[in-house]
Every structure is written in C-alpha cells, then in structure tokens.
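Take a look at the structure set out below.
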Amino acid sequence: MQDLKARTFMFAVSVGKLIIDMPDSRVNKHYFAQIVRCSSSVGANYRAARRAKSNADFINKLKIVEEECDESIYFLELLAEFNLTYKEQLKTLINEGTEILKIIVTSITTTRNKINN
C-alpha cells in the first residue's frame, strides 16, 4: 500500500504541474480551483484511511477517496474539452485517476467482504 500512497501524491503533483502550464482562461480558472482541491484530497484522504481505527472507519475514509478521485476525473475531462492542445496530457491523468479509482473500489469491496465473512 506504500506504493498507492506515493501514487496518490504524484497524481496531485502531476495535476498541479500541468495546470500551471495551461492557459488561465475564465473557464479554466474555475476548474483549476476545483481540480487542485479534489486531486490533492485523494492522497490526503488515502493517508487518513491508512490510519483508520477499524475496518468500518477504513471503508468510510476510502469512500471519501473514491468520491474525490471520481470528481478529479470529471474536472480533468472538462479541462480536456476546453483545452484541446492539452488533451493527451489530460488523458494520461484521466487514465491514472481511473486506475487509482479502480484500486480504491477494489479495496472497499475486499474490506466489506472481509467484514461480512
């Protein structure tokens, strides 16, 4: 799981570095604020989940990670529609966000199954 801690951190860093390079249009400005918050929240909440006090607490914290990751993907998709010259770079970040999301959902499912058995 240490790898996922680093991966979620790098996801936020990569998003931040890309938006620094993107044009500061009126639309982008609003999306930038959202994507910075939710992409960094993925890693911050994953770190909190690693310190969960119980399996139920772990699931609750991972559900927040799931929501923030899905929101990050959404804003990356919006940015891709308004910034066609950055579409490939954004697609790479969308793919990474999707992979992280799949890992989180699998972790939630596995933990739920563990609780129920």
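The values are calculated or read from the model by the stated rules, or taken from the named source; none is laboratory data. All of these numbers come straight from a predicted model, not from anything done at the bench. Here the Cβ is made from the backbone with ideal geometry for all residues, glycine too, and neighbour counts use every protein chain on show.
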(message) Checking the structure you have, find out if any residue of the stretch 49-61 is of a type in the set (Asp, Glu) and touching a Leu at 6+ places or on another chain (Cβ under 8 Å).
(response) no
(message) For a quick check of your reading: which helices (runs of 4 or more DSSP H) sit entirely within the stretch 2-117 and have at least 2 residues that are touching a Lys or Arg at 6+ places or on another chain (Cβ under 6 Å) and modelled with pLDDT of 95 or more?
(response) 26-50
(request) Could you please let me know if Asn95 is over 19 Å from the mean Cα position of the chain (by Cα), polar (S, T, N, Q) and on the phi < 0 side of the Ramachandran plot? (result) no
(request) Could you tell me which residue of the stretch 22-56 is nearest to the chain's Cα centre (by Cα), considering only residues that are among the charged types (D, E, K, R) and within 23 Å of Ala6 (Cα to Cα)? (result) Arg37
(message) Checking Val105 against (1) crowded, with 17+ Cβ neighbours inside 10 Å; (2) under 26 Å from Asn117 (Cα atoms); (3) under 15 Å from the mean Cα position of the chain (by Cα), only one condition comes out false. Which one?
(response) (1)
(request) May I ask you to list pairs of residues, at least six apart or on different chains, whose Cβ atoms are under 9 Å apart, with the first in the stretch 30-41 being of a type in the set (Phe, Trp, Tyr) and the second being surrounded by fewer than 19 Cβ atoms within 10 Å (Cβ to Cβ) and assigned to a helix (DSSP H, G or I)? (result) Tyr31/Leu78; Tyr31/Phe82
(request) Only residues that are surrounded by fewer than 17 Cβ atoms within 10 Å (Cβ to Cβ), in contact with a helix residue (DSSP H, G or I) (Cβ under 7 Å, 6 or more places away or on another chain) and either touching a residue at least 40 places away in the same chain (Cβ under 8 Å) or not polar (S, T, N, Q) (or both): list them for the stretch 79-98, please. (result) Phe82, Lys87, Lys91
(message) So for the stretch 69-76 (the condition being farther than 30 Å from Lys29 by Cβ, of a type in the set (Phe, Trp, Tyr) and surrounded by 14 or more Cβ atoms within 10 Å (Cβ to Cβ)), does at least one residue qualify?
(response) no
(request) Kindly establish whether Ala33 is out of contact with any Gly (no Cβ under 9 Å at 6 or more places or on another chain) and not aromatic (Phe, Trp, Tyr). (result) yes
(request) Just need a number here: residues in the stretch 10-29 that are hydroxyl-bearing (Ser, Thr, Tyr), more than 24 Å from Ile100 (Cα to Cα) and surrounded by 13 or more Cβ atoms within 10 Å (Cβ to Cβ). (result) 0
